[in-house]
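Chemist: Could you have a look at this structure, given as structure tokens, before my questions?
Rule-based calculations on the coordinates, nothing more; no lab input. Fair warning: this is a prediction, and the values are worked out from it, not measured in the lab. All Cβ positions, glycine included, derive from the backbone under ideal geometry; neighbour counts span all protein chains shown.
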Amino acid sequence: MELARSAREGDESAFEEIMRRYSPRVFRYAGKFFKQRSLVEEAAQEVFLKAFTELGSYEGRGSMEGWLTRITTNTCLNLLRNSKRRPELTLSDLTEDQTDWLDKNLTRAATQQHQSTERSLVAADLAERVLQTMPADDQLVLTMIDGEDASVKDVAELTGWSESKVKVQAFRARRRMREAVEKLLAGTRGRRQNLGGARS
Amino acid sequence: MKDEHIISLIENASLASLSENDLKAIYAHAKDCSTCFQALQAAQVSQLLLKERAALEFEPSPFFHTRVLAALRERQAVNDSWAFGRLWRTAGALASSMVATVAALAFLTFAIPDTQVVSQVGSVGSSYSAEEVILDQASPTEEVSEGQLLTTIYGGDE
């Protein structure tokens with residue numbers, strides 16, 4: 001609170017201290033919404049610029065971390081809304097690594113096995129591509145609830161939405177994501193059958 | 001449960017949050033229903049993709065704080081110059097309106113009363129000139145009459 005007061009009065013070193021303390025958290029959180037480092041940096045910078053101008057509204061009732069997390073959520077949501085949505089993803093749009101990942105996970109999807117770092121990056125990249133075809137609000141709820149295991153209440157508090165809106169949004173988002181992945185998996189199955197047929 | 005499709009169940013909550021009993025029922029149904037099996041498979045892959053994406057972590061670069069402070073100063077400078085520009089424009093508008101007011105007042109002070117004076121003078125003048133007209137009319141009459149008188153007097157003598 002003392003730091004916030006000093007920063008509000010124009011003490012640059014106090015604001016720098018706030019950034020030093022909370023930027024790792026802001027980066028980790030913004031990193032859930034963007035895979036590109038440049039976008040994460042852009043979001044984090046925007047968060048601190050907003051935080052500086054809105055320091056007057058921070059009354060110290062909640063934690064500064066919670067206050068900054070709310071700003072980060074809204075900033076990331078705005079950036080997602082401003083970014084262009086990609087058209088529907090088909091198997092031919094994927095890289096060989098991504099197709100291979102899908103093919104392997106068709107057979108072992110039931111168990112979430114530990115994957116190598118390289119394969120995790122392929123999966124994260126594929127997740128990003130699928131999410132980019134979806135509306136920003138869907139991306140947000142899926143990332144927070146299904147990715148981060150956040151509760152409906154947490155998402156409602158961070159976004160300012162009602163709990164019922166979060167539930168409905170999550171339901172629709174899961175359906176869209178499942179349908180998109182189902183199409184890719186159907187393509188992978190078809191490809192596998194074609195390869196099997198060509199071999200025999 | 002075994003005969004009911006489980007698609008809505010896997011869309012209502014994330015797979016990770018489903019209870020053991022729900023999962024058992026889902027697997028039991030998916031074994032015999034190819035539509036639900038494919039939906040379940042897609043939901044599992046989706047869950048895995050989202051988890052892998054969430055596992056990515058970023059740390060701020062060493063220059064991040066310096067960059068934000070520079071951006072903050074830049075933004076403040078823009079705001080200050082914008083505020084100065086706005087002040088300048090406001091002052092300009094105020095000055096022009098003052099000049100216009102002074103000009104209007106000057107006009108009202110000097111030009112309008114002059115006109116009134118002129119008109120008063122004019123009206124007075126016109127009254128004078130009316131008299132003058134009368135006098136002018138009178139004087140030639142007088143002069144004529146004097147001339148006539150002299151002519152009459154001396155002409156008469158000659």
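Chemist: In deg cm²/dmol and to the nearest 500, what is the mean residue ellipticity at 222 nm of chain A if only DSSP H runs of at least 4 residues count, each as -39500 (n - 2.57), divided by the residue total?
Modeler: Details: 9 runs with 141 residues, N = 200.
My calculation for chain A gives -23500 deg cm²/dmol from helical runs alone.
Chemist: Please compute the contact order of region B:1-51 in relative form: average sequence separation of alpha-carbon pairs under 8 Å and at least six residues apart, divided by the residue count, as a percent.
Modeler: On the way: 28 pairs, mean separation 23.9, N = 51.
Taking the mean separation of contacting Cα pairs over the length of region B:1-51, I get 47 percent.
Chemist: Which of the lysines could be linked to A:K35 by a straight reach, that is with a Cα gap under 16 Å, when you skip same-chain ones fewer than 8 residues away?
Modeler: Filter leaves A:K84, B:K51.
Chemist: Something else now. Using only the Cα atoms, work out Rg/Rh for region B:7-54, with Rh taken as the Kirkwood radius, to two decimals. Please report the intermediate quantities before stating the final value.
Modeler: Working: Rg = 10.6 Å, Rh = 11.0 Å.
Rg/Rh for region B:7-54 comes to 0.97.
Chemist: Report relative contact order for region A:52-155 in percent, whole number only (criteria: Cα-Cα under 8 Å, sequence separation at least 6). Provide the component values of the computation, followed by the final result.
Modeler: On the way: 37 pairs, mean separation 33.4, N = 104.
Here the relative contact order equals 32 percent.
Chemist: In whole Hz, with x marking every Gly and Pro, tabulate ³J(HN,Hα) for region A:149-162 from phi via Karplus 6.51 cos²θ - 1.76 cosθ + 1.60, θ = phi - 60°.
Modeler: 6, 6, 7, 4, 5, 4, 5, 4, 5, 6, 9, x, 7, 6
Chemist: Pop out the ³J(HN,Hα) list for region A:18-32 in order, Karplus 6.51 cos²θ - 1.76 cosθ + 1.60 with θ = phi - 60°, rounded to Hz; leave Gly and Pro as x.
Modeler: Taking θ as phi minus 60°, the curve returns 4, 5, 4, 6, 9, 5, x, 5, 4, 5, 4, 5, 5, x, 6 Hz for region A:18-32.
Chemist: Let me have the relative contact order for chain A, percent, based on Cα pairs under 8 Å that are six or more residues apart. Please report the intermediate quantities before stating the final value.
Modeler: Numbers: 155 pairs, mean separation 41.5, N = 200.
In percent, rounded to a whole number, it is 21.
Chemist: How large is ³J(HN,Hα) for each residue in region A:57-68, as worked out from phi by the Karplus curve 6.51 cos²θ - 1.76 cosθ + 1.60 (θ = phi - 60°), to whole Hz, x for Gly and Pro?
Modeler: 7, 7, 9, x, 6, x, 6, 5, 4, x, 4, 5
Chemist: Just order B:35-46, B:92-103 by mean Cβ neighbour count inside 10 Å, highest at the front, would you?
Modeler: Packing proxy ranking, top to bottom: B:35-46, B:92-103.
Chemist: What Rg and what Dmax come out for chain A when only alpha-carbon atoms are used, in angstroms?
Modeler: Calculated on Cα positions, Rg and Dmax stand at 20.4, 77 Å.
Chemist: Ranked highest first by the average count of other Cβ atoms within 10 Å around their residues, in what order do A:182-193, A:2-13 fall?
Modeler: Values: A:182-193: 15.8, A:2-13: 13.8.
Top of the packing list down: A:182-193, A:2-13.
Chemist: Next question, about the same structure. Evaluate the Debye formula for region A:91-199 with equal point scatterers sitting on the alpha carbons, no solvent, and hand back log10 of I(q)/I(0) at q = 0.12, 0.15, 0.22 Å⁻¹, in q order, two decimals.
Modeler: Reported log10 I(q)/I(0), two decimals: -0.49, -0.72, -1.21.
Chemist: Once Rh is set to the Kirkwood radius over Cα pairs, what Stokes-Einstein translational diffusion coefficient, in µm²/s, holds for region A:2-82 at a temperature of 10 °C and a viscosity of 1.306 mPa s?
Modeler: Numbers: Rh = 12.7 Å.
It diffuses with D of about 125 µm²/s by this estimate.
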